[in-house]
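Peer 1: Take a look at the following structure, please.
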């Protein structure tokens, strides 16, 4: 096997597929059963699936990776006690958006950061 990362391996089954098919629908939460089954079929016997799966657990996969949706991977991380390092702490607008993306009620610190972000945006627009 080469020293290249799994995502550069030309034998990976997802090579040549449309990258958009690996992301959720416009509602950002679902794939549709037909597409989900197609993605699972593509990943099933992929020669780099193990490396892809390890990468998905260590990084914040946003779509479908290694045969699993982002929600399923998030549950696996939680069960295994894996905490992603790149997540920004609460009290940022990014954390506020993350709470919403995960279907959580934003904490007070994140809501305050979001209110400030919105107010600063309004102030910038008024100056222009």
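The values are calculated or read from the model by the stated rules, or taken from the named source; none is laboratory data. A quick note: this is a predicted structure, and the numbers were derived from the prediction, not measured. Heads up, the Cβs are rebuilt from the backbone with ideal geometry, glycines too, and the neighbour counts pull from every protein chain shown.
Peer 1: Do we find a residue being surrounded by 11 or more Cβ atoms within 10 Å (Cβ to Cβ), over 27 Å from residue 25 (Cα atoms) and not assigned by TED's automatic domain parsing to the domain that holds residue 15 anywhere in region 74-89?
Peer 2: Among the residues of region 74-89, not one is surrounded by 11 or more Cβ atoms within 10 Å (Cβ to Cβ), over 27 Å from residue 25 (Cα atoms) and not assigned by TED's automatic domain parsing to the domain that holds residue 15, which makes the answer no.
Peer 1: How about region 98-120: which of its residues are within 20 Å of the chain's Cα centre (by Cα) and at pLDDT 85 or above?
Peer 2: Within region 98-120, just 110 meets the criteria.
Peer 1: Listed residues 40, 35; which is in a helix (DSSP H, G or I), modelled with pLDDT under 90 and out of contact with any helix residue (DSSP H, G or I) (no Cβ under 6 Å at 6 or more places or on another chain)?
Peer 2: Checking each option against the conditions leaves just 35.
Peer 1: Of everything in region 92-124, what is part of a loop (DSSP other than H, G, I, E, B) and exposed (fewer than 12 other Cβ atoms within 10 Å of the Cβ)? Give them in sequence order.
Peer 2: Across region 92-124, the qualifying residues are 102, 103, 104, 105.
Peer 1: Can you spot a residue in region 80-87 that is modelled with pLDDT of 80 or more and part of a helix (DSSP H, G or I)?
Peer 2: So far as region 80-87 goes, yes, one or more of its residues are modelled with pLDDT of 80 or more and part of a helix (DSSP H, G or I).
Peer 1: Using the structure shown, decide if residue 73 is in a helix (DSSP H, G or I) and touching a strand residue (DSSP E or B) at 6+ places or on another chain (Cβ under 9 Å).
Peer 2: Yes.
Peer 1: If a residue must be crowded, with 16+ Cβ neighbours inside 10 Å and free of Cβ contacts under 8 Å to residues at least 40 places away in the same chain, how many such residues does region 17-68 contain?
Peer 2: Matching residues across region 17-68 total 13.
Peer 1: Same structure, new question: Whether any residue in region 7-16 is part of a helix (DSSP H, G or I) and either at pLDDT 85 or above or touching a strand residue (DSSP E or B) at 6+ places or on another chain (Cβ under 8 Å) (or both) is what I want to check.
Peer 2: no
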